[in-house]
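These notes are about the structure you will find just below.
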Amino acid sequence: MAHLKTVADCGFAFNYIHGHGWCDCVPESSGACQVMSLAGARVYHFPLLTEVELQHKDSFCGNRGGNGGANQFSTDAGVNNLVGCVSYIKGVADCGFAFNYDPTGGWCDCVPESSGACQVQTAANYSVYHFITTTTTTPDPDPDPDPDPDPDPDPDPDPDTTVTTTTVTTTTVTTTTITTTTTSTTTVMYMITNVATQRSLVFNATQRGLESNFSCAAVRWRIQDVGVSSVTLATEMGHPLRWQFLGHIGGRLWVAGFGGDSFTWRLTGLGNATYTIRSNVEDDFRNVYLATGQTGKVLMQNSPDSDQAMWVIAGN
């Protein structure tokens, strides 16, 4: 996987043969994987890259919000790091659906939501992408069928017979009591604080990473069960991103759209609302525990036996 992330023309799909070590990607221009059977081979997706679609090669958006890292609409995501570019753009609330990326130089720029569609211009090495949107429509229900026809009227009485009709009218009054029950669901949010630094876990979109920080004490995380002993950790990032999940891809932590098992965690209680937070999947360096480094940046490590890998989780 580390090799494929350095190949600029690779798309989001690739396969790997565990028994032999062969690793092949589907070119970005070929789209989705056309699956075929082969013993021992497995097909994988880079989850973030399934959210975007290539629109133009050797082009950029003339109405991008910034360039050269001049403001929040532009950043250096690194060479051959489309995943990093996508993750950064998703973290900027004012970015729209179009962006451009240069894999040879690393520059990643979005078109502001207020500027609408990308105004395509020619530029070597750049490519223009769109976030994929899906619209679901629900058909109107069938109209009510025609009412049943009136029953046949009673036959006319014998004309030679005198008929006397007595009508008795009975009025029945029925009282119905309607009870309405309203059920509301409250999402419990949690602050996650590192034991070693005593700082809360936050996502810094400007620095494109996780950190523990005094100044962002209001950041809360939703903890949701997704299986036996497994949870997701998600934070609300506003329109249009909404809930974004904590996980890792390769050797790096991300806050992004849900990306599979590497975005699920196990919480092990140590007492006094203190826990270790362990990923269900090892990263590329065989690390599994969420921890903090010396500078306060959040990272993964292979051992839970330190205060840096212990977290206090307190509900609101």
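Computed from the coordinates by the stated procedures, all read-outs in this text should not be read as laboratory data. Given the structure is predicted, the values throughout are model-derived calculations rather than measurements.
Brief remarks on what is shown
- Cα gyration tensor shape for the stretch 68-127, rounded if a/c is under 1.5, else prolate or oblate: oblate
- Whole-percent pair-distance distribution, where bins are 10 Å wide, for the alpha carbons of the stretch 9-110: 15, 42, 26, 13, 4, 0
- Phi to ³J(HN,Hα) by Karplus 6.51 cos²θ - 1.76 cosθ + 1.60 over the stretch 277-288, Hz, x for Gly, Pro: 10, 10, 5, 6, 9, 5, 7, 5, 10, 6, 8, 9
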